[in-house]
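Presented below is the structure to which this report refers.
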Amino acid sequence: MPRILVNKNAIDLVDQERSTFQRFAEMSFSQCVNLIQIPRDRRYISMLPASYVLRRREEGDAWDDPMMQVALWNLHDLGVSEMSMSMASPEGGGDPEPQIRFDRAEATDMALGRESAINFSTAKSGRGLIAALNNVIHRTFHLNGEEFEVGIQDREQVEKYAKMAHEIRQPQEGLLFAIARVLASMLKQGLTAEDVEVRAGMELLTNLGCTAISVVSDEDRVVFNGFSVMAGLSSGLLQGLDWEQLKEIRKNVQMMIDQIEAREETPVVQSMPRPVAKRRRRN
């Protein structure tokens, strides 16, 4: 039975229902918005389960509580094997505050963001959800060669963009291409990556595994330059897709990657000529 050491005491990790992992991930997703504000070099997904453990222990939760167990599983799967909890005084003085320290940890595929972290076993059990959240807080998108953090955009804006893409989607056209056409049209109108509409488009493309495009305005086309299997799997897992559906995502994204690497028939779509959005700056 897997264990994690807390203050030198071994805590057994017991299998939990997938629904409990899902509930913990849903709770953590909203906290990712704040986590993304931390500089990338100090941004760790382990902060979320660690803070949960610290807070709930302060409130008296037992180690065998299902949500507590999920938090411990998350830390275990991220490579933490031993940690300490104690009270420490703030640097500026004041009352001691609880703190948690990882005494022994070794980065795993989940911590490193590797696509192997999401597989049949971790998807079925729900343990892969922490790897998916890790991808969410580190996603980047390259637009015309410039890198931007994807972040988590306003849901209303993302849904509005998705509706727009569905409305202009042509028969037999993949959703990926429709989303890209909308984005190309926005850029042609003068919107930039600072506008919430463009940010929403970048998030939707990333959710489908696309991580880089170039918009060739003079030729009215979009060139797909990069894809990530992990981005597609993470989005699908967080949306509740099963392993068979995730395998289909892996296959489709890998096919696009292979095409780009071979530089044969790089997918190109025509941008949409008519206006599709009004400019609104990001807050």
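Taken together, the values in this text are just the output of simple stated rules run on the coordinates, not laboratory data. The shown structure was predicted, so the numbers you read here are calculated from the model rather than taken from an experiment. With ideal geometry, Cβ positions are generated from the backbone for all residues, glycine too; neighbour counts draw on all protein chains shown.
Annotations for the structure displayed:
- The chain: angle of helix 155-168 to the longest principal axis, Cα-based, in degrees nearest 10: 30 degrees
- By the count of neighbouring beta-carbon atoms within 10 Å, fewest first, LYS188, LYS124 end up ordered LYS124, LYS188.
- Dipole in debye (nearest 20) - the chain, about Cα centre, beta carbon charges: Lys, Arg +1; Asp, Glu -1: 560 debye
- Cα-based radius of gyration of region 27-129 once divided by 2.2 N^0.38 Å, which approximates compact folds: 1.15
- Exposure proxy for ARG56, ARG40: other Cβ atoms within 10 Å of each Cβ, ordered fewest to most, give ARG40, ARG56.
- Mean Cα-pair separation over length for the chain, i.e. relative contact order, pairs under 8 Å, 6 or more apart, %: 16 percent
- A Förster radius of 22 Å, combined with the Cβ-Cβ distance separating ALA88 from ARG55, puts the computed FRET efficiency at roughly 0.90.
- Residue among ARG199, ARG55, ARG250 with the largest mean-square fluctuation in a Gaussian network model of the chain, springs linking Cα atoms under 10 Å: ARG55
- Rounded to 10°, Cα long-axis angle of helix 47-58 versus longest principal axis of the chain: 30 degrees
- Neighbour-count order for MET85, MET255, fewest beta carbons within 10 angstrom listed first: MET255, MET85
- Across region 1-82, Cα pairs under 8 Å and at least six residues apart give a relative contact order of 41 percent.
- Comparing ALA162, ALA123, ALA132 in a Gaussian network model of the chain where C-alpha atoms under 10 Å apart are linked, the largest mean-square fluctuation is found at ALA162.
- Our helix-only sum for the chain, with -39,500 (n - 2.57) per DSSP H run of n ≥ 4 divided by its residues, gives a mean residue ellipticity at 222 nm of -14500 deg cm²/dmol.
- Options [x] 21.2, 65; [y] 32.8, 110; [z] 18.9, 64 - which one matches Rg and Dmax of the Cα atoms in Å as calculated here: [x]
- Mean-position separation - Cα centroids, region 173-194 and region 97-142, in angstrom: 31 Å
- Additional length obtainable on full extension of the chain from ARG40 to ALA193, 0.36 nm per residue less Cα span: 53.2 nm
- Cα long-axis angle, helix 196-207 against the chain (0 to 90 degrees, to the nearest 10): 70 degrees
- Residue of PRO98, PRO49, PRO171 that the Gaussian network model of the chain assigns the largest fluctuation, springs spanning Cα pairs under 10 Å: PRO171
- Counted residue by residue at 0.36 nm each, then reduced by the alpha carbon distance between them, the extension gain from GLU149 to ALA10 reaches 46.2 nm.
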